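The values are calculated or read from the model by the stated rules, or taken from the named source; none is laboratory data. Everything numeric in this text was worked out from a predicted model, so none of it was measured. Positions of Cβ are backbone-derived with ideal geometry, glycine not excepted, and every protein chain shown enters the neighbour counts.
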Amino acid sequence: MTLLTFSELCSALPRHARLLGIDPGKKQVGLALSDVSRMVATPFATIKRGRLGAMAAALRTLAQEHEVAGMVIGMPLSLDGSFGPAAQAVRDWALELTVQTGLPACLWDERLSSAAVNRMLIDEADLSRRKRADVVDQLAAAYILQAALDSLARDNT
């Protein structure tokens, strides 16, 4: 399977299928779901990063249960927008994930998504470091997915 652009991904999806947002961290992977109209992203879960086969199996089950038909995976570009080793690792991981899940995917620039979420949790929610650690990955996944959904809404207006 190949990675698509976001517009190609949305064009290939059934009408009321959800998207799964993924923030791939080194230790944990944050997950978020879109609504069926693909307007709102909601934090969903955080799972430990482990073997790709086990993660793919869990994501296939999640996709079946929640009518997910595609994935938006955060791409950690460098601050200057360049494609570095971390981005290459995520790209390779995403390609293999599409093969093992059977779900189409696109990559979305996720620069500073975790930093923005952490800042919001500190400034607005006043959460401790431990409580932030429990939710930051899934909120970052929602942040990434929402950015992609917002771009779709802008393109349609």
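Of the residues making up the stretch 21-48, just one is closer than 25 Å to ALA89 by Cβ, in contact (Cβ under 8 Å) with a residue 60 or more places away in the chain and either touching a Cys at 6+ places or on another chain (Cβ under 9 Å) or not in a strand (DSSP E or B) (or both), namely GLY25.
Only one of the numbered conditions (1) within 13 Å of the chain's Cα centre (by Cα); (2) at pLDDT 85 or above is violated by SER151, and that is (1). Candidates in the stretch 49-106 are the residues that are touching a helix residue (DSSP H, G or I) at 6+ places or on another chain (Cβ under 6 Å), in a loop (DSSP other than H, G, I, E, B) and modelled with pLDDT under 95; of these, the one that is surrounded by the fewest Cβ atoms within 10 Å (Cβ to Cβ) is LEU77.
Only residues that are among the charged types (D, E, K, R), surrounded by fewer than 17 Cβ atoms within 10 Å (Cβ to Cβ) and outside any loop (DSSP other than H, G, I, E, B): list them for the stretch 1-20, please.
Passing the criteria: only GLU8.
Residue check: is ARG60 closer than 23 Å to LEU139 by Cβ and touching a residue at least 24 places away in the same chain (Cβ under 8 Å)? Spelling it out, it is not the case that ARG60 is closer than 23 Å to LEU139 by Cβ and touching a residue at least 24 places away in the same chain (Cβ under 8 Å).
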